[in-house]
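As structure tokens, the structure follows; a few thoughts come after it.
Readers should treat all values here as calculations from the given coordinates under stated rules, not as data from a laboratory. Remember, predicted model here, so these are calculated numbers, not experimental data. Please note: Cβ atoms are built from the backbone with ideal geometry, for glycine as well, and neighbour counts cover all protein chains shown.
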Amino acid sequence: MTMPSDPPCNLDDGNTTWILVSTIFVLGMCPALAFFEAGMLRSKHTLSIITQIFVGNSVLSVMWLCFGYSLSFGPSILGLIGAPTHLLWIDVPYDKCSRHSNTVPAALHALFQMMFACITPLLMTGSYAERLRFDCFLAFTILWEIVVYYPVCHWIWGGGFLAQMGVLDFAGGIVIHTSAGAGALVAAVYCGRRKDFYDYMGECPPSNLPLAASGAALLWMGWFGFNGGSALAAGTLAVSAVVSTHVGGCCSAVVWLLLSMKQHRPASTGIFNGVLAGLAGITPASGYVNTQATILIGLLCGVTSYYGVQFSKGRLHIDDALDVHWVHGFTGALGSIVLGIFGQKSSNVVHGYEMNFHGTFTQVALQVFGVTVVGVYAGAMTHTHTHTHTHTHTH
């Protein structure tokens, strides 16, 4: 068992306030996701998807409180999983720091990370939408959280073996988007195509565009807390993350706009996807790259996700209902790798690690390794549990 030394504790009211606000922003992303998916899918599934998101958020929060935080951020056991030393948040005080956050209370850090743990498996609901019974959804989500999210979170953010190697992920490009994207792809393939897939080539008309737009807007807003809060301090690093978040999302959206105008009239649903692709892509690099690199990442994510979605549905006929594996998964992986090229030297300490590189081959190789390990692991575990524990039916 690895027991790193605790950093000196220096609680700061300004930092605490910013992380409190960021936590609330990220919490709002779960109902935002429900509104977005409900608006993008057919009306007969509106109640189902909203119920899945709200129930999932509640159940996953209780799991994080009981044992998830400890398995993710407890003292590392062989670099693979956290020790069960913080079950029920034992020794997670409100007035002291943890080794992961030396300027905000340990309980606040645990609460902030709870929001990430909740939304990650729920991102996959958009891939297998309209095909999974509620009991199967609940069993799948719980199992996936335990066997995929908790270990992966520990590997990178909890001091596990990938963190020890030097793999970096500022706010979840690998931990959240790559893992959920890989899981979404496997789940979509396993669940099969909806009966009318070929009628619309997987692009069923949205039932409520204003609802989808509201959800997309709230996700966009919440992402500022998602990335900005990952600085774990109110300062220049948070500013960098927030600016990068907006710039990356806008650049990707412009790419989707231009490409859709070239092929047909621009659709609002495409703009939504463009924004989300850029936001997911800049997430792992938002605190590590400058504005110029952010623009490039946003453009790359826009181009690859646009053509990737067309290839996946048009050529491979994969019925990922809301294109999670491209809009979230591939872009998160791409941003994580490009981070190794454009990451800048900084004196800021993020997740306990000081940035000391600038576009080195070694860092790129580490990022590729981290993305590959997490993607393959998440995909393999998702396949195992979908095959063993779920039974699907089509509508």
Q: Would you mind classifying the stretch 45-106 by shape? Square roots of the alpha carbon gyration tensor eigenvalues, ordered a ≥ b ≥ c; an a/c under 1.5 is rounded, otherwise it is prolate if a/b is larger than b/c and oblate if not.
A: prolate
Q) Which entry is the computed log10 I(q)/I(0) by the Debye sum over Cα atoms at q = 0.07, 0.10, 0.11 Å⁻¹ for this structure: (1) -0.79, -1.02, -1.09; (2) -0.28, -0.58, -0.71; (3) -0.40, -0.79, -0.94? A) (2)
Q: Arrange the peptides 22-31, 241-250 so that the one whose residues have, on average, the most other Cβ atoms within 10 Å appears first.
A: 241-250, 22-31
Q. How far, in degrees from 0 to 90, does helix 46-63 lean away from the longest principal axis of the Cα atoms of the chain, to the nearest 10?
A. 20
Q) Can you list the HN-Hα couplings for the stretch 281-286, worked out from phi with the Karplus curve (6.51, -1.76, 1.60; θ = phi - 60°), rounded to whole Hz and with x for Gly and Pro? A) x, 7, 3, x, 10, 4
Q) Counting Lys +1, Arg +1, Asp -1, Glu -1, what net charge surrounds Ser127 among other residues with beta carbon under 11 Å of its beta carbon? A) -4
Q. Pick from His328, His383, His154: which is most flexible by mean-square fluctuation in a GNM of the chain where alpha carbon atoms under 10 Å apart are linked?
A. His383
Q | Extreme residue, positive dipole direction of the chain, given options Thr46, Val376, Phe112 (C-beta unit charges) | A | Thr46
Q: Take the alpha carbon gyration tensor of the stretch 1-135, find the square roots of its eigenvalues, order them as a ≥ b ≥ c, and report rounded if a/c is under 1.5; if not, report prolate when a/b exceeds b/c, else oblate.
A: prolate
Q. Per-residue HN-Hα couplings for the stretch 86-93, Karplus 6.51 cos²θ - 1.76 cosθ + 1.60 at θ = phi - 60°, whole Hz, x for Gly and Pro?
A. 10, 4, 6, 6, 5, 6, 10, x
Q. How many angstrom lie between the C-alpha centres of the stretch 130-149 and the stretch 188-240?
A. 19
Q) To the nearest 10 degrees, how steeply does helix 106-123 sit against the main Cα axis of the chain, on a 0 to 90 scale? A) 20
Q. What number comes out for the charge environment of Gly56, summing +1 per Lys or Arg and -1 per Asp or Glu over other residues with Cβ under 15 Å away?
A. -2
Q. Lone cysteines in the chain, going by a 4.7 Å Cβ-Cβ cut-off?
A. Cys30, Cys66, Cys118, Cys136, Cys153, Cys191, Cys204, Cys250, Cys251, Cys301
Q: Quick one: dipole size for the chain, taken about the Cα centre, charges +1 on Lys/Arg Cβ and -1 on Asp/Glu Cβ, in debye to the nearest 20.
A: 800
Q. Taking the Cα centre of the chain as the origin and placing charges on Cβ (Lys, Arg +1; Asp, Glu -1), which of Gly74, Ala129, Ser179 is farthest toward the positive end of the dipole?
A. Ala129
Q) What does the highest-first list of 187-198, 127-138 look like by mean Cβ count within 10 Å? A) 127-138, 187-198
Q.
What is the angle, in °, between the Cα long axis of helix 236-263 and the longest principal axis of the Cα atoms in the chain? Nearest 10 is fine, range 0 to 90.
A. 10
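Given the peptides 226-236, 257-267, arrange them by the average over their residues of other C-beta atoms within 10 Å, most packed first.
Highest to lowest by the protection proxy: 226-236, 257-267.
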